[in-house]
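The values are calculated or read from the model by the stated rules, or taken from the named source; none is laboratory data. Owing to the predicted nature of the structure, the values given are computational and were not obtained by experimental measurement. Here the Cβ is made from the backbone with ideal geometry for all residues, glycine too, and neighbour counts use every protein chain on show. What goes into the accessible areas is simple: the full protein's heavy atoms, side chains included, and nothing from ligands, DNA or RNA. Shrake-Rupley method; radii C 1.70, N 1.55, O 1.52, S 1.80 Å.
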Amino acid sequence: MPNDKEQNLVPEEPEEKKYSFLQETIKSKPISRQQLVKQLVRIAIYGVILGVFACFGFFALKPWMQDMFRGELETVTIPEDEEPAEEPAEDASETDAAVQTPDAASYEQMMASMNERADEAKKGLASVEPVLSEENQDEKLTGMNSGVTGVITADNGQELLILADDSVCTGASRWTVMFEDGSTYSASLKKRDANSGLAVFSVPRGSITDDTWAEVKVSVLGNSNLVKQGDVVMALGNMFGYPGGMGYGIVSSTDQKTLFYDGECGVLATDIAAETDGTGVLFNMDGEVIGMILASVWETDARMVNAYAVSDLKAVIEILANNESVPYIGIYGTTVTQELKEEQGMPAGVYVVDVDPDSPAMEAGIQSGDIICQVDRKDVGSIITYQSALLESKTGRAIRLKGQRRGADGYVEVDFTVTVGSKEK
């Protein structure tokens, strides 16, 4: 039986204490349906306000973000013209059988088809207009510095590039571009070549809305070497004294040429009437660009739509589109023909008719009457090969030209060192 000490060693169980207030549950005040609705409406209003600010912030920062995080500028490459494929000869009996006398219904159907093609081709056009200062506003009233029709020629990943007549550059430092949907955007001059009369303008891609993108396209530069006399063509642009003009006709001649310094360009003449100083683009019936209608093509009293053949301009267009200067020396020349070789004993090459004053050619000592036979170690036997060799050089670079100059005892060899320049103004 345990003693008193052992009994004292047994631990006593603690007395369980219960507090009634700790067992109480505190419940929140119930929310009424009206308060719940007000809270939901308040959250929705806050969401709308945040969404509006987010949208405004997105559109405000979109151009900046695209400019900051844009990729590398893509090099613009104009595809070379393909050689024409030989077409099988048609049997005369089959051709005669296929010819039918047109009636009013077929004529209307034909015109509807042509108008549909013209509407599609217009998506590749744009009107370029200078932004005149306040003191020059009177010039617009007199017809000076009016807008010109350009063609969308390339998309380099950052900009939409528009090729147009460089006359719109005179006296202007800012320009606007209006696309087929009527939208207008600020544009900047990318590069200009006053020798050929062409300029390329750019519109940042980030500034163009989705609605405008749906109504524009990059035009296809066709092969003007395939154009034949009698082909049906359409002229679109500002040929008649107002923008948005449209005219149909045929090619009346493909044999004409126009000369400018350091080259030449074929001319597509048509029977479409036009105003003086009209500008536009000549399309074939496939909607391809085959010519640029510039005021400088031919200046005659009987003004018709005449266009520079686009195939002869592709090298210049590619240089301008890549923001490079078009090489220029300043020789106004022509090909030495076989007849001149035989009759006057001229060597093969480019006969210098004239030299542009204050040009690199004049500084190098090239004179009228000289015959250029080699450009930068490349033989040249015509104005076309001379132009091609020059366009492969770079502005600011010194190149060597070899030629022949007539003396008392016949032609003697002469060498020239020419620093290639550009004619941007």
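For the stretch 288-297, backbone phi angles converted through the Karplus equation (6.51, -1.76, 1.60; θ = phi - 60°) give residue-by-residue couplings of 9, 6, 10, x, 9, 8, 10, 5, 8, 4 Hz, Gly and Pro being listed as x. Computed from phi, the 3J(HN,Hα) profile of the stretch 410-415 under the Karplus parametrisation 6.51, -1.76, 1.60 (θ = phi - 60°) reads x, 7, 10, 6, 9, 10 Hz, with x in place of Gly and Pro. Computed from the C-beta positions of residue 119 and residue 397, the FRET efficiency with R₀ = 30 Å rounds to 0.05. A cut-off under 9 angstrom between Cβ atoms defines the neighbours of residue 266, and their net charge, with Lys, Arg +1 and Asp, Glu -1, is -2.
Taking Rh as the Kirkwood radius computed over C-alpha pairs, what is the Stokes-Einstein D of the stretch 194-314 at 10 °C in a medium of viscosity 1.306 mPa s, expressed in µm² per second?
Numbers: Rh = 15.1 Å.
For the chosen part, D equals 105 µm²/s.
Amide H contacts for residue 271 (H built 1.01 Å from N in the peptide plane; partners 5 or more residues away or on another chain; cut-off under 5 Å): 250, 252.
Kindly state, to the nearest 0.05, the FRET efficiency for residue 46 paired with residue 174, given R0 = 30 Å and r defined as their beta-carbon distance. Please report the intermediate quantities before stating the final value.
Numbers: r = 43 Å, r/R0 = 1.42.
For residue 46 and residue 174, the calculated efficiency is 0.10.
Report the local net charge at residue 165: Lys and Arg +1, Asp and Glu -1, summed over other residues whose C-beta lies under 11 Å from its C-beta. Present the calculation step by step, with values, prior to reporting the outcome.
Numbers: positive: 192; negative: 166, 277.
Spelling it out: positives minus negatives among the neighbours equals -1.
Close amide-amide hydrogen proximity is noted between residue 159 and 205, each under 5 Å apart and 5 or more residues distant or on a separate chain (H modeled in the peptide plane; Pro and chain starts excluded).
Remark: spin-label model distance residue 257-residue 81 equals 1.4 nm, labels positioned 7 Å along the Cα→Cβ axis. Pairs spanning more than 20 Å between alpha-carbon atoms, out of 217/257; 314/394; 191/425; 314/423; 122/425; 341/394: 217/257; 122/425; 341/394. Once backbone amide H atoms are built at 1.01 Å from N, residue 231 has 251 as its partners under 5 Å, excluding neighbours fewer than 5 places away on the same chain.
Each label was represented as a point 7 Å from its Cα along the Cα-to-Cβ direction; for residue 275 and residue 340 these points are 4.0 nm apart.
Determine the sum of side-chain charges near residue 182: Lys and Arg each +1, Asp and Glu each -1, restricted to other residues whose C-beta is under 14 angstrom from that of residue 182. Walk me through the numbers before you get to the answer.
Details: positive: 122, 123; negative: 129, 180, 181, 211, 215.
Counting the neighbours of residue 182, the net charge comes to -3.
Ordered from largest to smallest accessible area (heavy atoms of protein chains, 1.4 Å probe), the residues 212, 385, 75 come out as 75, 385, 212. Legend: calculated FRET efficiency, residue 368 to residue 183, from the Cβ-Cβ distance at R0 = 51 Å, rounded to 0.05, equals 0.50.
Quick check on packing: order 262-275, 174-187, 106-119 by the mean number of other C-beta atoms within 10 Å, highest mean leading. Working shown, then result.
Details: 262-275: 21.1, 174-187: 16.9, 106-119: 12.2.
Put in order of decreasing packing, that is 262-275, 174-187, 106-119.
Assuming 0.36 nm per residue, please report the length gained on full extension of the stretch residue 242 to residue 107 beyond their Cα-Cα distance. Don't jump to the answer; show the numbers that get you there.
On the way: separation 135, 0.36 × 135 = 48.60 nm, distance 2.73 nm.
Full extension from residue 242 to residue 107 adds 45.9 nm.
Between the stretch 359-388 and the stretch 284-341, the C-alpha centres lie 19 angstrom from each other. Working note: Karplus 6.51/-1.76/1.60 with θ = phi - 60° gives the stretch 219-230 the couplings 6, 8, 7, x, 9, 6, 5, 8, 5, 10, 4, x Hz, where Gly and Pro are set to x.
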